[in-house]
Amino acid sequence: MAFSSGNTSGPMADINVTPLVDVMLVLLIIFMITAPMLTHKVKIDLPQPSHNTPPPDKLLEPIRLKIDRSGALYWNDTPVDELGLKAQIAVIAQQTNQPELQINADDGVAYEVVARVLSDAKSYGLTKIGFTEAQ
């Protein structure tokens with residue numbers, strides 16, 4: 001650090017620590033006020049896990065629905081039209097243990113086609129719907 005005598009006309013090399021002390025005191029006061037609030041406990045009633053539920057007997061094979069670029073539908077690699085798709089979805093929705101419907105939509109397919117399939121699946125009551133990557 002440089003010491004200055006009163007005769008120098010150049011810039012001072014001393015650090016002015018007053019603003020730094022002011023900021024540190026303000027931060028200290030803020031932390032002193034907010035720290036007790038952080039330890040305040042909020043009672044939340046969380047659901048407890050049930051250990052009595054048996055695991056499913058067997059895992060069902062998922063249904064693969066492929067939608068190609070032109071909008072054609074393939075139910076487990078078998079071509080199907082829209083009415084056939086609705087019939088298949090209705091049959092699956094009737095089951096108590098529904099398999100997962102895995103939708104594999106091509107990158108170039110119109111969003112309207114995918115939205116229509118999702119809407120049909122939801123309207124028939126399918127609850128397990130997923131998406132897979134194109135292969």
Exercise. Given the residues 52, 76, 97, 104, which is the only one that is modelled with pLDDT of 90 or more and over 24 Å from the mean Cα position of the chain (by Cα)?
Worked result: 76
Exercise. Within segment 30-65, restricting attention to residues that are β-branched (Val, Ile, Thr) and surrounded by 10 or more Cβ atoms within 10 Å (Cβ to Cβ), which residue is farthest from residue 117 (Cα to Cα)?
Worked result: 30
Exercise. Just checking, how many residues over segment 74-92 are touching a residue at least 12 places away in the same chain (Cβ under 8 Å) and either surrounded by 15 or more Cβ atoms within 10 Å (Cβ to Cβ) or assigned to a loop (DSSP other than H, G, I, E, B) (or both)?
Worked result: 8
Exercise. Only one residue in 108, 71 is in a loop (DSSP other than H, G, I, E, B) and at positive phi, so which one is that?
Worked result: 71
Exercise. Got a number for residues in segment 22-68 being in a loop (DSSP other than H, G, I, E, B), touching a residue at least 12 places away in the same chain (Cβ under 8 Å) and not hydrophobic (A, V, I, L, M, F, W, C)?
Worked result: 4
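A quick yes/no check of all residues on (1) of a type in the set (S, T, N, Q); (2) in contact with a Ser or Thr (Cβ under 9 Å, 6 or more places away or on another chain):
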{"residue": "34", "(1), (2)": "yes, no"}
{"residue": "43", "(1), (2)": "no, no"}
{"residue": "67", "(1), (2)": "no, no"}
{"residue": "70", "(1), (2)": "yes, no"}
{"residue": "92", "(1), (2)": "no, no"}
{"residue": "103", "(1), (2)": "no, yes"}
{"residue": "131", "(1), (2)": "no, no"}
For this session: Only residues that are among the hydrophobic types (A, V, I, L, M, F, W, C) and at pLDDT 75 or above: list them for segment 38-49, please.
Result: 44, 46
For this session: Using the structure shown, decide if residue 116 is touching a residue at least 12 places away in the same chain (Cβ under 8 Å) and in a loop (DSSP other than H, G, I, E, B).
Result: no
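The values are calculated or read from the model by the stated rules, or taken from the named source; none is laboratory data. Everything quoted here is computed from the prediction, not taken from an experiment. As a convention, Cβ positions derive from the backbone with ideal geometry for all residues, glycine included, and neighbour counts pool all protein chains shown.
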